[in-house]
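Coordinate-derived values only; no laboratory data. All of these numbers come straight from a predicted model, not from anything done at the bench. Ideal geometry is used to build each Cβ from the backbone, glycine not excepted, and the neighbour counts take in all protein chains shown.
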């Protein structure tokens, strides 16, 4: 590549990075999702509920009213933004109302680019899936504007995504604004102990929405354990879910996370209404 083309490419990349940095992606995005080498497509409504420190999370809803009226599926997702690229990973099916058992939802990894031109913001790119029978495809989204007829969404679709809340949630609790940590190794050592005084606090720890330790009683003596991150995910999600409040609400503890090079010390405060989310970005040496 000659120097002139290299400079142009670098300039375009800088514009893309600056655009994402200056624009908060939070809100509704509507469009379509397709399947390669196939006529199949569906409506796709994405609600980005959190956008902070290069991490996004929210819910997405697929629908196809022209064939299956009132059929839809809702998924929870989270992802990261790096070098102008947005990587989104589906992590949980919240609701699935398919017409027959022949239809099912794919757990997708989407790689998207942000663009803003002529007053229109868009997210476009490709998606892949390891779910059996799910072929890769493309995603086309633009920021949803209820005032524009061209961006109209069926009322039952809007009602469905609102029914699952407009903020991040987990097991009928809301999620705290995520703490984002960069770690250098996939194997992490964690230490969890009670804050100030033992009061029978009990928590369950989830990694990528799967329980790692259930009903763990927090004591002054640190409980030590190891977790392994999934390197194929753009970010690994750690959730502290309070099973009770102990005798002195709320549920409080100190958490140390070490990757062998750095140790992060966190104060954790959860309740029966709010769980704590920690996003672990694996950035190898």
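Can you put 38, 264 in order of Cβ neighbours within 10 angstrom, beginning with the fewest? Don't skip to the end; give the middle numbers.
On the way: 38 9, 264 17.
Ranking 38, 264 by Cβ neighbours within 10 Å, fewest first, gives 38, 264.
Give the relative contact order (percent, whole number) for the stretch 24-167; include only Cα pairs under 8 Å separated by 6+ residues. Worked out over the stretch 24-167, it gives 22 percent.
In percent, how large is the relative contact order of the stretch 183-246, given Cα pairs closer than 8 Å and 6 or more residues apart? Can you show the working numbers first?
On the way: 116 pairs, mean separation 28.7, N = 64.
Reported as a whole number, the value is 45 percent.
Which of rounded, prolate, oblate describes the stretch 99-147, given a ≥ b ≥ c as roots of the alpha-carbon gyration tensor eigenvalues and a/c under 1.5 marking rounded, otherwise prolate only if a/b is larger than b/c? Spell out each step's value before the answer.
Working: a/c = 4.51, a/b = 1.87, b/c = 2.42.
Taking the square roots of the gyration eigenvalues as a ≥ b ≥ c, the stretch 99-147 is oblate.
Counting every pair of alpha carbons in the stretch 24-167, the share spaced more than 24 Å apart comes to 25 percent. Each principal axis of the Cα cloud of the stretch 174-282 was taken in turn, and the coordinate range along them, longest first, works out to 40, 28, 21 Å.
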